[in-house]
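Take a look at the following structure, please.
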Amino acid sequence: MELLFALAIGALTTSGVYLLLRARTFPVIMGLTLLSYGVNLFLFASGRLATGQQPVIGTAASYSDPLPQALVLTAIVIGFAMTAFLVVLSLRNLADNENDHVDGRRETAPPPSKLEQEVSGK
Amino acid sequence: MTHWLIAPILIPLLGGILQVFMGYAPISLRRTLAIATTVLMLVSAVVLLALATDGSYRVYAFGNWQPPFGIVLVLDRLAALMLVLTAVLGLFCHIYASGGADEGNRQFHGLFLFQLMGLNIAFLTGDLFNLFVAFEVLLIASYGLLMHGGGSSRTVAGLHYVVLNLAGSALFLISVGMIYSVTGTLNMADLAVKIPQVTGNNLNLVKAGGMMLLVVFGLKAAILPLCFWLPKAYARATAPVAALFAVMTKVGIYAIVRIYPLMFGDDAGELANLGMDWLFPLALVTLSMGVIGALGADNLKTLVAWQVIISVGTLLAPIALGSEAGLSAALFYLVSTTWTVAALFLVSELVASQRGAAGDSIVTAPKMHHRTFLSVLFLIGAVAAAGLPPLSGFFGKLLILQSVEPGAEMAWLWGVLLIGGFLTLIAYSRAGSIVFWWNIDGHLETPEPMNNRVAISTGILTCLTMLIVVLAGPLSDFTRATAEQVYDNQGYINILQTPVHIPQNPLVGEIN
């Protein structure tokens with residue numbers, strides 16, 4: 001289970017970081033969402049992975065730690081609110097700059113090719 | 001257990017909630033209530049400062065849970081100093097904002113108060129995860145404030161700022177998870193006990209967590225590889241917001257000062273002084289980068305934004321060396337530079353409002369109105385920022401220079417700080433002489449009116465640097481005592497033994 005869990009966190013984080021580095025706001029938001037999933041799972045694992053254990057110390061030989069679950073809940077709520085804000089902000093960016101480039105750059109026409117330049121020169 | 005500790009958090013919280021529901025009330029009523037809230041917050045911060053001067057730690061345990069099991073607020077000299085610094089700054093920025101900058105967004109005052117609340121939580125909390133929550137509270141308010149006023153350039157700068165800080169939050173959570181997985185606690189005092197006991201493979205986990213935490217705080221404080229978002233965002237923000245943001249980078253520095261000497265201090269065994277040998281060269285490079293940016297700035301606000309980065313470098317260099325004298329000098333400079341930079345942001349906005357289309361660009365333009373008043377304020381701010389005598393920036397830098405022990409570090413710090421100071425002076429002289437002296441003939445026909453609130457708040461905030469000079473003795477005594485307290489970990493660890501108040505007749509007994 002540990003291996004599967006670690007692989008899942010790794011895959012989520014890698015895809016998240018990759019998408020975060022893209023130039024359009026939509027992939028960036030997706031990237032941040034995936035990254036926060038990865039982070040939440042990681043935080044959950046910091047209390048050790050155990051199934052069927054009681055969250056109370058002293059009742060059994062091993063126990064499951066309830067605190068990381070509380071931390072994850074807080075992180076989920078905050079992450080959710082931030083993502084919602086970011087979605088609205090990037091829509092605003094789209095409306096203000098008429099494209100969804102993260103730098104707000106306007107699309108420029110591709111430079112004319114050499115052949116075209118020669119043709120127009122003649 | 002004194003209940004005063006919760007006041008700087010509750011007052012802006014309740015005031016902010018009131019503002020949320022009063023979005024459609026007359027603006028004069030909203031302004032009066034909002035400024036009254038900030039004044040109350042300042043009063044509570046001063047009360048806490050008076051409490052903290054006796055040098056003891058005061059603990060406020062939420063829900064009466066004995067630390068380390070519950071979240072605690074901890075008041076010491078450092079926290080009290082930061083609270084008063086923020087409250088004074090917040091009050092003047094708020095008065096400035098109520099001079100007209102708060103129009104156009106009904107929730108401006110609410111966001112402003114929530115931002116102050118987030119700052120106060122960050123300064124008071126004694127719990128690592130609660131520090132994360134405080135960062136998020138102040139950040140989400142700052143996202144809204146940064147957008148205040150609208151405009152497409154603000155949207156882009158804001159987008160970068162939000163994305164960067166969200167990535168920073170993810171890193172913060174990962175490092176918190178790493179440290180918790182090994183130590184099983186997030187209470188800072190308990191971490192200071194547990195981290196020196198970590199052995200074996202776990203050591204590397206804590207080390208990685210600690211270093212990642214430094215990256216997060218470095219992002220907040222704008223240390224060099226992580227500082228390029230700052231000039232753009234700060235220069236685009238409305239003046240009172242940019243001025244309030246002057247304290248935001250100081251939150252990162254505060255977090256470094258709070259966490260590293262305590263958790264990774266001299267007693268931390270193998271993890272002692274983690275990351276500090278990285279911090280010193282980075283601080284010097286940050287300082288140099290800030291100076292280069294200031295020399296290249298093409299408008300006043302960008303110039304001041306790079307000044308924020310210069311002061312971050314100046315503050316972190318002595319902190320990284322880890323001496324009590326260094327920290328004391330840095331704290332003295334921190335008070336001075338925060339107020340000065342904030343005042344310069346306000347002055348830049350006033351200059352822009354009197355120059356018509358030229359705005360705050362460093363170009364020749366028709367003579368501005370109120371030129372004498374504004375140029376004197378700019379002169380005071382620039383002299384304090386560049387660190388010339390007789391203003392407080394000079395004393396701050398002098399204390400920093402004195403605090404270094406002779407050696408290679410001294411040569412580097414003296415060299416970078418003095419040459420950097422000289423070049424900053426050139427940047428300010430160039431900006432000031434072009435903006436105030438190189439005028440083309442004629443007057444601007446219709447300047448924006450300058451009202452009393454704006455002029456008075458900017459004037460007082462600028463002149464606080466003189467107040468610091470007058471009170472330099474008591475202030476440096478206080479920062480020295482603060483530095484002593486920060487490096488004395490045993491005092492902080494002892495808060496684990498604080499008896500929390502237990503009711504005489506527990507409810508359970510009565511029901512039975």
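Restricting the search to region B:170-185, which residues are more than 7 Å from every other protein chain (Cβ to nearest Cβ), in contact (Cβ under 8 Å) with a residue 40 or more places away in the chain and in a helix (DSSP H, G or I)?
Once the filter is applied, which keeps residues that are more than 7 Å from every other protein chain (Cβ to nearest Cβ), in contact (Cβ under 8 Å) with a residue 40 or more places away in the chain and in a helix (DSSP H, G or I), region B:170-185 yields B:Leu171, B:Phe172, B:Ser175, B:Val176, B:Ile179.
In a helix (DSSP H, G or I), crowded, with 24+ Cβ neighbours inside 10 Å and facing chain A (nearest Cβ under 10 Å), is that true of B:Phe92?
no
Looking at region B:196-225, which of the residues that are touching a residue at least 40 places away in the same chain (Cβ under 8 Å) and assigned to a loop (DSSP other than H, G, I, E, B) is surrounded by the fewest Cβ atoms within 10 Å (Cβ to Cβ)?
Filtering region B:196-225 for residues that are touching a residue at least 40 places away in the same chain (Cβ under 8 Å) and assigned to a loop (DSSP other than H, G, I, E, B), the one surrounded by the fewest Cβ atoms within 10 Å (Cβ to Cβ) comes out as B:Val198.
Being within 27 Å of B:Asp127 (Cα to Cα) and within 7 Å of another protein chain (Cβ to nearest Cβ) is the filter; apply it to region B:141-169 and report the residue that is nearest to the chain's Cα centre (by Cα).
Ranking the candidates gives B:Tyr143 first.
Still on this structure, please answer the following. Kindly evaluate A:Arg92 against the criterion of being surrounded by fewer than 19 Cβ atoms within 10 Å (Cβ to Cβ), closer than 25 Å to B:Phe135 by Cβ, modelled with pLDDT under 90 and not acidic (Asp, Glu). It would help to see each step written out before you state the result.
Values: surrounded by fewer than 19 Cβ atoms within 10 Å (Cβ to Cβ): yes; closer than 25 Å to B:Phe135 by Cβ: yes; modelled with pLDDT under 90: yes; not acidic (Asp, Glu): yes.
For A:Arg92, the condition - surrounded by fewer than 19 Cβ atoms within 10 Å (Cβ to Cβ), closer than 25 Å to B:Phe135 by Cβ, modelled with pLDDT under 90 and not acidic (Asp, Glu) - is met.
Restricted to region B:23-45, and to residues that are in contact with a helix residue (DSSP H, G or I) (Cβ under 7 Å, 6 or more places away or on another chain) and more than 18 Å from B:Arg453 (Cα to Cα), which residue is surrounded by the fewest Cβ atoms within 10 Å (Cβ to Cβ)? Talk me through it step by step, then tell me what you get.
Within region B:23-45, the first condition is being in contact with a helix residue (DSSP H, G or I) (Cβ under 7 Å, 6 or more places away or on another chain), and the residues that meet it are B:30-31, B:33-35, B:37-42, B:44-45.
Of the ones still in play, those that are also more than 18 Å from B:Arg453 (Cα to Cα) are B:40-42, B:44-45.
Details: B:Leu40: 18, B:Met41: 27, B:Leu42: 20, B:Ser44: 22, B:Ala45: 27.
By that ranking, first place goes to B:Leu40.
List every residue pair whose Cβ atoms sit under 8 Å apart, with the two residues 6 or more apart in sequence or on different chains, where the first one lies in region B:3-20 and is in contact (Cβ under 8 Å) with a residue 60 or more places away in the chain and assigned by TED's automatic domain parsing to the domain that holds B:Ala79 and the second, anywhere, is in a helix (DSSP H, G or I) and among the basic types (Lys, Arg).
Here the result reads B:Gln19/B:Arg30, each pair linking region B:3-20 to a residue that is in a helix (DSSP H, G or I) and among the basic types (Lys, Arg).
Out of all the residues in region B:212-253, which are on the phi < 0 side of the Ramachandran plot and among the small types (Gly, Ala, Ser)? Quick ask: steps written out before the conclusion?
Within region B:212-253, the first condition is being on the phi < 0 side of the Ramachandran plot, and the residues that meet it are B:212-221, B:223-253.
B:Gly218, B:Ala221, B:Ala233, B:Ala235, B:Ala237, B:Ala239, B:Ala242, B:Ala243, B:Ala246, B:Gly252 - these are the residues of region B:212-253 that are on the phi < 0 side of the Ramachandran plot and among the small types (Gly, Ala, Ser).
Give the residues of region A:1-50 that are among the hydroxyl-bearing types (Ser, Thr, Tyr) and without any contact (Cβ under 8 Å) to a residue 12 or more places away in the chain, sorted by residue number.
A:Thr14
Those residues that are in contact with a helix residue (DSSP H, G or I) (Cβ under 6 Å, 6 or more places away or on another chain), small (Gly, Ala, Ser) and in contact (Cβ under 8 Å) with a residue 60 or more places away in the chain, I need them from region B:146-168; list them, please.
Correct list: B:Ser153, B:Ala157, B:Gly158.
The values are calculated or read from the model by the stated rules, or taken from the named source; none is laboratory data. This is a predicted model, so every value here is computed, not measured. Neighbour counts are summed over all protein chains in view; Cβ atoms, including those assigned to glycine, are modelled from backbone coordinates with ideal geometry.
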